[in-house]
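Visitor: Dumping the structure here so I can ask a few things about it.
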Amino acid sequence: MRLEDEIAIIGQNKDRMSHEDKVMFYELKKKSMVVGMLLAIFVFGGMGQIYASKVAKGVLFMLISWLLIPYIYAIWDTHRLINEYNDVLYQAVFSDFD
């Protein structure tokens, strides 16, 4: 599911959730930095982007990551995308503003 779709669902339901439910939901939905980095480094460049819900970008990196510079960029980008995903998810779950 795309992040935008998840944010819309969260916005519709967060008022009915207790703080504990919000914490549990966030912990279940956030992306693990360790998993993303392991995918990017050891499986294939671009897998970290796919894990971070950026499929088109991941496929592009898979096609060009046999080159060293795109491979290194793919690893850095995985780190950035997972942080961004988790930040947006946190704001959506815990923000009181719509």
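The values are calculated or read from the model by the stated rules, or taken from the named source; none is laboratory data. Given the structure is predicted, the values throughout are model-derived calculations rather than measurements. Positions of Cβ are backbone-derived with ideal geometry, glycine not excepted, and every protein chain shown enters the neighbour counts.
Visitor: Among S53, S65, which is closer than 13 Å to L3 by Cα, surrounded by 14 or more Cβ atoms within 10 Å (Cβ to Cβ) and either in contact with an Asp or Glu (Cβ under 9 Å, 6 or more places away or on another chain) or at pLDDT below 90 (or both)?
Guide: S53
Visitor: Continuing with the same structure: Tell me which helices (runs of 4 or more DSSP H) are completely within segment 29-77 and hold 1 or more residues being touching a residue at least 40 places away in the same chain (Cβ under 8 Å) and of a type outside the set (S, T, N, Q), or say none if there are none.
Guide: 33-38
Visitor: If you don't mind, there's one more thing I want to ask. Go through segment 76-95 and give me each residue that's of a type in the set (A, V, I, L, M) and surrounded by fewer than 18 Cβ atoms within 10 Å (Cβ to Cβ).
Guide: Once the filter is applied, which keeps residues that are of a type in the set (A, V, I, L, M) and surrounded by fewer than 18 Cβ atoms within 10 Å (Cβ to Cβ), segment 76-95 yields only V88.
Visitor: Can you work out which of the residues in segment 74-98 that are modelled with pLDDT of 90 or more and aromatic (F, W, Y) is nearest to V23 (Cα to Cα)?
Guide: Looking at the filtered set, the residue picked out is Y90.
Visitor: So is K14 within 25 Å of I75 (Cβ to Cβ) and either surrounded by 10 or more Cβ atoms within 10 Å (Cβ to Cβ) or touching a strand residue (DSSP E or B) at 6+ places or on another chain (Cβ under 8 Å) (or both) or not?
Guide: For K14, the condition - within 25 Å of I75 (Cβ to Cβ) and either surrounded by 10 or more Cβ atoms within 10 Å (Cβ to Cβ) or touching a strand residue (DSSP E or B) at 6+ places or on another chain (Cβ under 8 Å) (or both) - is not met.
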